[in-house]
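What follows is a single structure, written as C-alpha cells, with notes after it.
The values are calculated or read from the model by the stated rules, or taken from the named source; none is laboratory data. It should be emphasised that the depicted structure is a prediction, and the values quoted were computed from it without experimental measurement. Please note: Cβ atoms are built from the backbone with ideal geometry, for glycine as well, and neighbour counts cover all protein chains shown. Just the protein is used for accessible areas: all its heavy atoms, side chains included, with ligands, DNA and RNA removed. Shrake-Rupley method; radii C 1.70, N 1.55, O 1.52, S 1.80 Å.
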Amino acid sequence: GFNGRTVTVVDARGSNRVFYLNYSGAGVEGLTIKNGDTTMDGGGVYGPSNNFIRNCLIISNRCDWDGGGAFLNRGGLVEDCTFFANRVDYIGSGYGGGGLCLRYTGTVRRTVICSNLSFYSAGGVYALVGRIENCTIVSNVATYNAGGVHIEDRSCIRESVVEYNGCNYGGGGI
C-alpha cells in the first residue's frame, strides 16, 4: 500500500481469503490484511509459488488447513511483518501454522508472530524446509504439537526469540 500498512487495509469481512497470489513472484507489501476465511490453505494470503509478503500486518484470518494468516509454498518470502490473532481450525489434513505455514524452501525475516492458534500443529509457524531469521515468536498456542514453531526437514531458526508459547502435547516452543 502506498500509505503504509496502518493506513491501507484490505478486510475480507470473513467472506473469503483476502489474497490469492496466482503468479510466481507476485506479492503484497505495506498492507493490513484481515478477516480472511477459507476452507483451504491461507486465510489471509495464499502463495503457491515463489511469492512474497513484505511490511504487512496480518490479523484475524482463519483457514481449515494450513497457514491461518498466510500459506507460502515453494520459495516464499516474508519480511518485516506482524502476524497476530490468526487461526487454523484443522479439518482432517495438513500441517497447521496458525500464523504462517511455509512449505518447501520459504524464508521469514524480521517478523513478529504473536497470539496465533492452531487446532493441530504449530500455533505460530510451520516450516517444512524453511528458514526463520531474526523473528519474535511469542504467545502462540497449538493443541497437538509445537505451540510456537514446528520445523521439519532441513529447516532452521537463527537469531530469533521463541517464548511464552503453549501446546497440549509435544513442544510448547519448538
Worksheet, complete the sentence: Given (1) outside any loop (DSSP other than H, G, I, E, B); (2) over 19 Å from Ile53 (Cβ atoms); (3) open to solvent by less than 30 Å² (accessible area, probe 1.4 Å), Tyr126 misses just (2)
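Suppose we keep only residues that are open to solvent by 70 Å² or more (accessible area, probe 1.4 Å) and modelled with pLDDT of 90 or more within the range 81-103. Which one would you say is farthest from Ile53 (Cα to Cα)?
Of the range 81-103, the ones open to solvent by 70 Å² or more (accessible area, probe 1.4 Å) are 84, 87, 91.
Next, from what is left, pick out any that are modelled with pLDDT of 90 or more: 84, 87.
Details: Phe84: 15, Arg87: 18 Å.
Filtering first and then ranking leaves Arg87.
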Discussion item. Condition first: within 26 Å of Phe2 (Cβ to Cβ) and either under 11 Å from the mean Cα position of the chain (by Cα) or open to solvent by less than 10 Å² (accessible area, probe 1.4 Å) (or both). Now tell me which residues in the range 35-56 satisfy that.
Written reply: Gly36, Gly42, Gly43, Gly44, Val45, Tyr46, Gly47, Asn51, Ile53, Cys56
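Does Ser115 satisfy being closer than 27 Å to Gly172 by Cα, surrounded by fewer than 22 Cβ atoms within 10 Å (Cβ to Cβ) and out of contact with any helix residue (DSSP H, G or I) (no Cβ under 8 Å at 6 or more places or on another chain)? Don't jump to the end; show me each part of the working.
Numbers: closer than 27 Å to Gly172 by Cα: yes; surrounded by fewer than 22 Cβ atoms within 10 Å (Cβ to Cβ): yes; out of contact with any helix residue (DSSP H, G or I) (no Cβ under 8 Å at 6 or more places or on another chain): yes.
So Ser115 passes the test.
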Worksheet item: Out of curiosity, is Ser15 farther than 16 Å from Tyr126 by Cα, part of a loop (DSSP other than H, G, I, E, B) and in contact (Cβ under 8 Å) with a residue 24 or more places away in the chain?
Response: no
